[in-house]
Amino acid sequence: SGTEMLWVEPGAFEMGSPSPHTVTLTEGYWLGKYEVTQAQWEKVVGSNPSRFKGVNRPVEKVSWNDVTSFCEKLTEMERKVGNLPAGMPYQLPTEAQWEYACRAGTTTVYAFGDSLTWDQANIRGGPDETTDVGKYPANAWSFYDMHGNVREWCADWHGKYPTSAVSDPLGPADGSDRVRRGGSWHDTTDYARSAIRLGFGPASSDD
């Protein structure tokens, strides 16, 4: 599939802002080093809905429903050729897994400190379109584009955070919106913060 994955060790961190809660992730997990590219998407799905075309640019204009279907198809393809251990499907990260990997051990506003510059992420004021994945610096755990480029879907329904410490949270049991994280080429720095969370309908998509 060409999907390069990195292993994230289990651990605990302070999730959210301005009133954080302690989250413990008791199991390690694999997460994509880069955003899913248009080439990867096309190989699995057979089409490319993106507005800003480029084989190594992130796929966009994909809904939560599209993305979960992509994960299922990719899992099936990789299982057929024996590339995937049983019980380890491709799936979206939980919101907690996403933020843990985005922060990469930091407690600052961004993985790069308390400010974010155009040299560090593809945000508003930059190229005004998506860029190839991995063009901007990686965070301390070698993940790219966790801030900016395109917003990223998470598995969870969007809802209120717990107020006390939790382990392996999966988000609310139901809801109307799914979580998107990380900001995009079109967003100001505020929307690229490690803790920022936005809810969007699972059938909605944009660039």
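Could you tell me what % of all Cα pairs in the range 154-199 have separations over 11 Å?
Looking at the range 154-199, the distances longer than 11 Å represent 69 percent of pairs.
Let me have the relative contact order for the range 86-171, percent, based on Cα pairs under 8 Å that are six or more residues apart.
Computed value for the range 86-171: 36 percent relative contact order.
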Practice prompt. Please give the contour-minus-distance gain from residue 135 to residue 6: 0.36 nm per residue of separation, less the Cα-Cα distance, rounded to one decimal in nm.
Written response: 44.7 nm
Worksheet item: Counting only protein heavy atoms, what percent of the accessible surface of the range 124-207 is carbon or sulfur at a 1.4 Å probe?
Response: 50 percent
Discussion item. Below 14 angstrom from the Cβ of residue 88, what's the summed charge of the other residues (Lys, Arg +1; Asp, Glu -1)?
Written reply: -3
Discussion item. Test of understanding: given the chain, find the longest segment containing no trypsin sites (Lys or Arg not before Pro) that are in a DSSP loop and have at most 11 other Cβ atoms within 10 Å.
Written reply: 54-159
Worksheet item: Which whole number of Å³ per residue matches the convex hull of the alpha-carbon atoms in the range 1-135?
Response: 129 Å³
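To one decimal place, what Kirkwood hydrodynamic radius in Å is obtained for the range 78-126 from all pairs of distinct Cα atoms?
For the range 78-126, inverting the mean 1/r across all distinct Cα pairs yields 13.8 Å.
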Fill in: Residue-span extension gain [residue 17 to residue 51] - 0.36 nm each, minus C-alpha spacing
9.0 nm
Practice prompt. Choose one answer from 47, 184, 63: the residue with the largest mean-square fluctuation in a GNM of the chain with alpha-carbon springs under 10 Å.
Written response: 47
Worksheet item: Ignoring ligands, DNA and RNA, what percent of the accessible area of the range 1-112 is carbon or sulfur (1.4 Å)?
Response: 52 percent
Worksheet item: Percent relative contact order of the chain, based on C-alpha pairs within less than 8 angstrom and at least six residues apart?
Response: 24 percent
Discussion item. Below 8 Å, C-alpha to C-alpha, sequence gap of six or more: please give me the relative contact order for the range 125-175 in percent.
Written reply: 26 percent
Practice prompt. Please work out the average accessible area per residue across the range 93-207, using the 1.4 Å probe convention, and give it in Å².
Written response: 44 Å²
Practice prompt. Compute the accessible area per residue over the range 1-58, keeping the other protein chains in place, probe 1.4 Å, unit Å².
Written response: 53 Å²
Discussion item. Looking at the calculated P(r) for the range 2-67, what percent of the C-alpha pair distances fall above 15 Å?
Written reply: 64 percent
Worksheet item: Distances over 24 Å make up what percent of all Cα-Cα pairs in the range 82-207?
Response: 30 percent
Response to the item:
Two pseudo-spin positions, 7 Å from Cα along C-beta at residue 43 and at residue 72, lie apart in nanometres by 2.2 nm
Worksheet, complete the sentence: Candidates 94, 106, 26; GNM for the chain (alpha-carbon contacts under 10 Å) flags as most fluctuating 26
Fill in: DSSP-defined antiparallel bridges as percent of all bridges, the chain, nearest 5
85 percent
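The values are calculated or read from the model by the stated rules, or taken from the named source; none is laboratory data. Every value quoted in this text rests on a predicted model; they were computed, and no experiment measured them. Glycine gets a Cβ as well: all are built from the backbone with ideal geometry, and neighbour counts include every protein chain shown. For accessibility, only protein heavy atoms count, side chains too; no ligands or nucleic acids. Shrake-Rupley method; radii C 1.70, N 1.55, O 1.52, S 1.80 Å.
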